[in-house]
Amino acid sequence: MSTSPAFIPFTRPSFNQETIDAVAEVLRSGWVTSGPKLAEFEATLSEYFGGRPVRCFANGTATMKIALQVAGIGVGDEVITTPISWVATSNVVLSVGAKPVFIDIDPHTRNIDLNKVAAAITPKTRAIMPVYLAGLPVNMDQLYSIAKQHNLRVIEDAAQAFGSQWQGKKIGSFGDLVSFSFQANKNLTTVEGGCLVFNNDDEAKLAEKFRLQGLTRQGMDGMDVDVLGGKDNLTDVNAVIGLQQLKQLPAYQARRAALARQYFDAIRAELKSAGLETLKIELPVENFTESNWHMFQVVLPLDELNVDRAQVMTELKELGIGTGVHYPAITSFTLYKELGYKTSDTPNAQRIGRSILTLPLFPGMADADITRIASELVGILKKHRKN
Ligand SMILES: *Cc1c(COP(=O)(O)O)cnc(C)c1O
């Protein structure tokens with residue numbers, strides 16, 4: 001009897017017994033929605049970010065939308081961002097009535113090309129919204145110097161960058177409004193959730209209103225509503241998961257970085273032994289001081305292959321290896337095309353959106369998984385190489 005190796009998904013969250021026990025305790029406590037555990041999680045996050053105010057929300061999308069609302073961005077305003085992101089980034093800009101302005105990416109980092117931002121600034125520009133794809137930050141000095149020079153807010157979509165750093169400082173511990181997601185695939189998860197880091201308590205208080213119907217309470221029975229808010233609070237059940245994940249984060253981070261290093265070595269070794277050293281597969285930036293290794297993504301050399309990305313993914317899947325696409329260019333989506341955006345305006349994003357592939361990377365993977373994935377991937381590339 002032959003057994004095939006277990007299927008490796010592109011990602012999988014890890015919850016230990018302590019986390020499961022902590023959730024059970026909240027469920028038994030009689031208070032399950034936003035309460036003492038949320039307050040504890042927010043205080044712990046604030047400490048993590050060097051004492052800056054932090055508020056949590058139901059998901060990363062609500063977090064970014066509230067960041068825009070806090071910054072007073074709405075109808076008639078423009079927000080500069082990247083086309084290579086989860087569509088939430090620009091959807092929230094549209095949802096407050098503002099206009100996303102897409103700048104092409106740097107094909108090396110796959111993040112917004114900051115050198116192209118100044119040329120896109122108009123009198124309507126109010127903010128820059130960078131995304132740290134796979135957890136790799138942009139040049140933060142350059143980002144904040146552009147913002148300062150043009151008097152713009154920065155709303156950092158740091159959804160993928162919890163635990164990432166810039167020159168020794170944690171992403172979120174400095175800067176303007178910094179938004180994180182705790183969705184199940186992220187490095188730190190509360191199942192669903194997110195948090196926003198602020199510069200000042202006034203904006204944190206305003207975000208609390210947007211989070212819950214615009215409400216403020218006074219005394220024993222006083223209530224007032226003076227802005228239009230929604231229902232975007234994070235529950236204590238989610239918060240207690242986040243508190244446990246924070247304890248596990250250093251070990252998770254170390255494991256992710258170790259697995260990423262093995263990917264570089266294994267892919268290069270496989271290319272060499274297959275005689276494919278000249279194949280133009282693009283590996284990520286080898287940054288082991290700043291990236292949190294949220295994902296390990298390669299850009300396939302589609303010009304050199306006689307198959308498309310979908311076929312490569314299908315063949316990997318048949319071999320028990322799950323992959324993902326993060327992301328097609330946002331401007332390739334029907335909604336955005338109908339709004340007049342053209343993928344051809346951002347050629348690097350157009351090419352990378354079609355050929356980027358996310359390989360499995362999560363703390364629960366074994367070393368042998370990396371060797372196997374590298375070998376199968378290179379085998380598929382060799383089989384389909386044009387000659
Ligand atoms: C996950 C993610 C979001 C949205 O977060 P949710 O918690 O899923 O709403 C936004 N932007 C980026 C880049 C993300 O990866």
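Tabulated values for the structure
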{"read-out": "Candidate set from region 118-144 (those that are away from the ligand (no atom under 16 Å from the Cβ) and either within 17 Å of the chain's Cα centre (by Cα) or not assigned by TED's automatic domain parsing to the domain that holds Ile73 (or both)); member that is least open to solvent (accessible area, probe 1.4 Å)", "value": "Met140"}
{"read-out": "Complete set of residues in region 204-249 that are of a type in the set (Gly, Ala, Ser) and closer than 21 Å to Gly60 by Cβ", "value": "Ala204, Ala207, Gly229, Gly230, Ala239, Gly242"}
{"read-out": "Of residues in region 329-365 being of a type in the set (A, V, I, L, M) and either open to solvent by 70 Å² or more (accessible area, probe 1.4 Å) or in a loop (DSSP other than H, G, I, E, B) (or both), the one farthest from Leu94 (Cα to Cα)", "value": "Met365"}
{"read-out": "Some residue of region 105-117 being part of a helix (DSSP H, G or I), away from the ligand (no atom under 16 Å from the Cβ) and more than 29 Å from Ala207 (Cβ to Cβ)", "value": "yes"}
{"read-out": "Within region 185-228, strands (runs of 3 or more DSSP E) holding 2 or more residues that are within 16 Å of the ligand (Cβ to nearest atom)", "value": "194-197"}
{"read-out": "Residue in region 286-297 that is assigned to a helix (DSSP H, G or I) and open to solvent by 20 Å² or more (accessible area, probe 1.4 Å) present", "value": "no"}
{"read-out": "From the options Leu377, Leu381, residue that is within 22 Å of His294 (Cα to Cα) and buried (at least 21 other Cβ atoms within 10 Å of the Cβ)", "value": "Leu377"}
{"read-out": "Yes/no for Glu270 being modelled with pLDDT under 95 and either assigned by TED's automatic domain parsing to the domain that holds Ser375 or within 16 Å of the ligand (Cβ to nearest atom) (or both)", "value": "no"}
{"read-out": "Only listed residue being free of Cβ contacts under 8 Å to residues at least 12 places away in the same chain and over 22 Å from the mean Cα position of the chain (by Cα), chosen from Gly30, Gly76, Gly35, Gly97", "value": "Gly30"}
{"read-out": "Condition met for Gly193 (open to solvent by less than 70 Å² (accessible area, probe 1.4 Å) and farther than 15 Å from Leu45 by Cβ)", "value": "no"}
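The values are calculated or read from the model by the stated rules, or taken from the named source; none is laboratory data. Keep in mind the model is a prediction, meaning the values are calculated, not measured. Cβ atoms come from the backbone with ideal geometry, glycine included; neighbour counts cover every protein chain shown. Please note that ligands, DNA and RNA were not included when accessible areas were found on the heavy atoms of the full protein model with its side chains. Shrake-Rupley method; radii C 1.70, N 1.55, O 1.52, S 1.80 Å.
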